[in-house]
Each structure stands twice: as structure tokens, then as C-alpha cells.
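The values are calculated or read from the model by the stated rules, or taken from the named source; none is laboratory data. These numbers come from a predicted model, not from an experiment. Here the Cβ positions follow ideal geometry from the backbone for every residue, glycine too, while neighbour counts run over all protein chains shown. Calculation scope for accessible area: heavy atoms of the full protein, side chains included, ligands and nucleic acids excluded. Shrake-Rupley method; radii C 1.70, N 1.55, O 1.52, S 1.80 Å.
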Amino acid sequence: MAEVPEVEIIVRDLKQAVVGRRFVGAEVLMPAAVRFAAPPDFIQNLQGRKVLAAERRAKFMLLTLDDGQTLALHFMLWGELQLRPAGSERPPETLVVLTLEGNEELQLTDTLGYARVALGPTALLASQLKLEELGPEALDETFTPEVLAKQLRRRRSPLKTVLLNQRVLAGLGNRDADESLWVAGIDPRRLASSLSPAEIVRLHQGIRDVLEEGLRLRGTQRDLFGVQGQAKHRRNIFGKTGAPCPRCATPVSHLRIGGRNTHWCAHCQPADGASTEAPAQTSLL
């Protein structure tokens with residue numbers, strides 16, 4: 001599943017292998033994969049453009065081009081991007097191919113067909129993708145417990161739902177939200193506004209720990225060069241309904257909250273928030 005660690009790894013790889021190079025061609029194998037411009041314009045407007053920078057905003061990969069355009073890519077759930085020799089065999093799930101100078105190409109694939117690209121003037125693209133509406137980045141140095149407290153203060157919805165609202169906090173996905181709440185020992189059904197200052201600190205640390213672990217292990221998917229990441233998609237509790245909690249052996253609970261599968265330990269993450277002590281440290285591996 002492509003969440004922030006997986007996307008961030010790809011962006012770092014793009015900085016290493018693609019920034020400074022030009023696109024010399026493009027093929028759109030599934031027209032629906034191009035949000036905008038129209039596929040013929042997408043191909044024409046990308047031709048000859050040099051990549052000046054690569055960055056991430058939430059789960060968007062943004063390539064700044066030398067003519068004032070930005071190329072955006074989004075993996076959705078299971079998309080992948082790989083750099084391969086030009087003319088390489090293309091998996092049947094290939095959506096878009098972007099050819100680079102130096103006889104290499106970027107292949108965007110997705111078994112579900114949901115991954116998307118977009119190309120346009122930087123300000124227009126940011127507006128159309130609503131990038132300016134996104135909340136603070138969970139991996140940014142400016143993301144502090146105080147910032148998290150401000151974002152949650154007036155939110156009277158279940159904490160899990162609020163954490164997945166990208167306008168509240170950019171870059172936390174379903175899997176990593178569950179894992180962060182487990183690390184912090186906080187029930188996902190709690191109202192976001194109900195957290196104490198100590199719980200805010202624990203949650204902030206849990207979010208950073210989970211995301212940074214994912215980065216150290218280079219995510220759960222293949223990177224730009226086809227190397228499989230070492231992080232586990234199902235880590236401690238995510239997707240492990242009924243399995244013993246790694247910390248206390250209580251069966252992992254499951255519920256759909258806001259339409260999203262949610263997993264937690266009823267013992268380690270008490271519904272009443274009665275536990276004011278930080279949970280004992282447990283390896284995230």
C-alpha cells in the first residue's frame with residue numbers, strides 16, 4: 001500500500017536519478033490515468049522539458065519543470081513507479097510511460113488502474129489538486145505537538161477519521177494511522193478534541209516513529225529501481241483482526257470508522273483513555 005513512506009522514498013529516488021534530465025517522449029496507455037491536460041496535450045507539453053526539482057506534498061509526487069509547469073503523480077492505493085531501460089517489457093498494468101534522455105523510461109503501473117498523473121502550470125495545478133488546502137506535513141520539522149494540538153482542538157469527530165483528513169494533517173494514511181495510535185496507546189474511536197496534553201505528545205511521537213521507521217526500511221513496495229522495501233505492510237495491528245496484540249496478547253479489534261478499516265488493541269488503547277502512562281516500548285518491526 002502506497003502511503004507517505006513509500007511515496008517519500010520514490011521522491012528521494014527521483015531527486016537522485018531524474019532531476020536534471022529531460023523528458024523526450026511519453027505514452028499514455030490508459031487515457032483515464034491522465035487527470036489533465038488531455039492526453040495528446042499531456043504528451044506534447046512534456047516533450048523536451050527538463051526536471052528541475054522533485055518534492056512531495058502529502059501523497060503527491062511533484063516534478064518541477066523548466067517551463068513553469070509541474071508534473072504531478074499519485075499512486076492512490078497500489079501504484080508504483082519504476083525507472084527502466086527504454087523499450088523494456090511493460091507489465092500489463094502499465095498506465096503511463098515517460099521516456100527520459102539517456103535511454104531510460106519511467107513506468108507508472110497500478111494493478112487496480114487508479115494511479116494518476118497531471119500536468120499544468122504550477123499555480124493552476126496546485127489549485128486544481130487543492131494542494132493549498134492540505135494541512136501540515138507529518139514529516140516536516142515544523143510539525144510539533146503544539147501544531148498537532150491546534151489541529152485537533154476543535155474536532156469533535158473520531159480521532160481516526162480526523163487523522164485521515166488531509167486538511168488536518170497531510171500524509172498520514174490508513175495503515176500508519178492505526179499503527180501510530182497503537183504506539184501511542186490511544187483508542188481510535190476517541191473524539192479528537194478529547195486528548196490530554198500528554199496524549200497529544202504520545203500521539204505526535206507515535207506518528208513520527210511509525211513514519212520514520214517506514215522510511216528507514218524503505219517502505220513496503222518496490223522503489224524507483226525495483227528494489228523491494230523491507231517494511232511490513234501488516235506491522236503490529238493493521239490488518240491483524242483477532243491476532244494477539246504484540247504488547248499484551250489481547251486479540252486485535254476491528255471496526256469500520258468513517259468507512260475505513262480500523263484496528264486497535266482494547267487493552268493497550270482503552271476506550272476511556274484511563275491509562276495516562278506511555279505504553280511500554282515495543283519494537284515496530
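So MET61 ticks every box in (1) over 22 Å from GLY226 (Cβ atoms); (2) touching a helix residue (DSSP H, G or I) at 6+ places or on another chain (Cβ under 7 Å) but one. Which box is left unticked?
Looking at each condition in turn, MET61 falls short on (1).
Of all residues in region 207-242, how many are open to solvent by 50 Å² or more (accessible area, probe 1.4 Å), polar (S, T, N, Q) and closer than 26 Å to ARG256 by Cα?
Final tally of qualifying residues: 1.
Of all the strands (runs of 3 or more DSSP E) wholly in region 31-102, which have at least 3 residues that are of a type in the set (Phe, Trp, Tyr)?
Values: elements: 34-36, 51-57, 60-65, 69-74, 80-85, 94-100.
Where strands (runs of 3 or more DSSP E) fall fully within region 31-102, none carries at least 3 residues being of a type in the set (Phe, Trp, Tyr).
Could you tell me whether LEU112 is open to solvent by 40 Å² or more (accessible area, probe 1.4 Å) and of a type in the set (A, V, I, L, M, F, W, C)? Walk me through how you get there before you give the answer.
Numbers: open to solvent by 40 Å² or more (accessible area, probe 1.4 Å): yes; of a type in the set (A, V, I, L, M, F, W, C): yes.
Spelling it out, LEU112 is indeed open to solvent by 40 Å² or more (accessible area, probe 1.4 Å) and of a type in the set (A, V, I, L, M, F, W, C).
Just checking, how many residues over region 224-260 are in a loop (DSSP other than H, G, I, E, B), at negative phi, among the small types (Gly, Ala, Ser) and without any contact (Cβ under 8 Å) to a residue 24 or more places away in the chain? Give the steps one after another, and end with the answer.
First, the residues of region 224-260 that are in a loop (DSSP other than H, G, I, E, B): 224-227, 229-243, 245-250, 252, 258-259.
Restricting the remaining residues to those that are at negative phi gives 224-225, 227, 229-238, 240-241, 243, 245-248, 250, 252.
Of the ones still in play, those that are also among the small types (Gly, Ala, Ser) are 229, 231, 243.
Next cut, without any contact (Cβ under 8 Å) to a residue 24 or more places away in the chain only: 243.
Summing the residues that are in a loop (DSSP other than H, G, I, E, B), at negative phi, among the small types (Gly, Ala, Ser) and without any contact (Cβ under 8 Å) to a residue 24 or more places away in the chain in region 224-260 gives 1.
Return only the number of the condition from (1) on the phi > 0 side of the Ramachandran plot; (2) open to solvent by less than 30 Å² (accessible area, probe 1.4 Å); (3) in contact with a Pro (Cβ under 8 Å, 6 or more places away or on another chain) that THR70 does not satisfy.
Unmet for THR70, out of (1) on the phi > 0 side of the Ramachandran plot; (2) open to solvent by less than 30 Å² (accessible area, probe 1.4 Å); (3) in contact with a Pro (Cβ under 8 Å, 6 or more places away or on another chain): (1).
Got at least one residue in region 173-182 being in contact (Cβ under 8 Å) with a residue 12 or more places away in the chain, part of a loop (DSSP other than H, G, I, E, B) and within 14 Å of the chain's Cα centre (by Cα)?
Among the residues of region 173-182, at least one is in contact (Cβ under 8 Å) with a residue 12 or more places away in the chain, part of a loop (DSSP other than H, G, I, E, B) and within 14 Å of the chain's Cα centre (by Cα), which makes the answer yes.
Could you run through region 36-65 and say how many residues are within 22 Å of ASP140 (Cα to Cα) and open to solvent by 50 Å² or more (accessible area, probe 1.4 Å)? Step through it out loud before you land on a result.
Residues of region 36-65 that are within 22 Å of ASP140 (Cα to Cα), as a first pass: 52-64.
With the extra rule that they be open to solvent by 50 Å² or more (accessible area, probe 1.4 Å), the set shrinks to 52, 55, 57.
Count: 3.
Only one of these is open to solvent by 30 Å² or more (accessible area, probe 1.4 Å) and either closer than 20 Å to PRO5 by Cα or part of a helix (DSSP H, G or I) (or both): VAL147, VAL162, VAL168, VAL117. Name it.
Numbers: VAL162 fails: open to solvent by 30 Å² or more (accessible area, probe 1.4 Å); VAL168 fails: open to solvent by 30 Å² or more (accessible area, probe 1.4 Å); VAL117 fails: open to solvent by 30 Å² or more (accessible area, probe 1.4 Å).
One residue alone meets the criteria, VAL147.
Just checking, which of ALA249, ALA271, ALA278 is at pLDDT 95 or above and open to solvent by 20 Å² or more (accessible area, probe 1.4 Å)?
Values: ALA271 fails: at pLDDT 95 or above; ALA278 fails: at pLDDT 95 or above.
Going through ALA249, ALA271, ALA278 in turn, just one is at pLDDT 95 or above and open to solvent by 20 Å² or more (accessible area, probe 1.4 Å): ALA249.
Does ASP140 fit the bill of being surrounded by 14 or more Cβ atoms within 10 Å (Cβ to Cβ) and over 25 Å from ASP66 (Cα atoms)? Explain how you work it out, then say what you get.
On the way: surrounded by 14 or more Cβ atoms within 10 Å (Cβ to Cβ): no; over 25 Å from ASP66 (Cα atoms): yes.
For ASP140, the condition - surrounded by 14 or more Cβ atoms within 10 Å (Cβ to Cβ) and over 25 Å from ASP66 (Cα atoms) - is not met.
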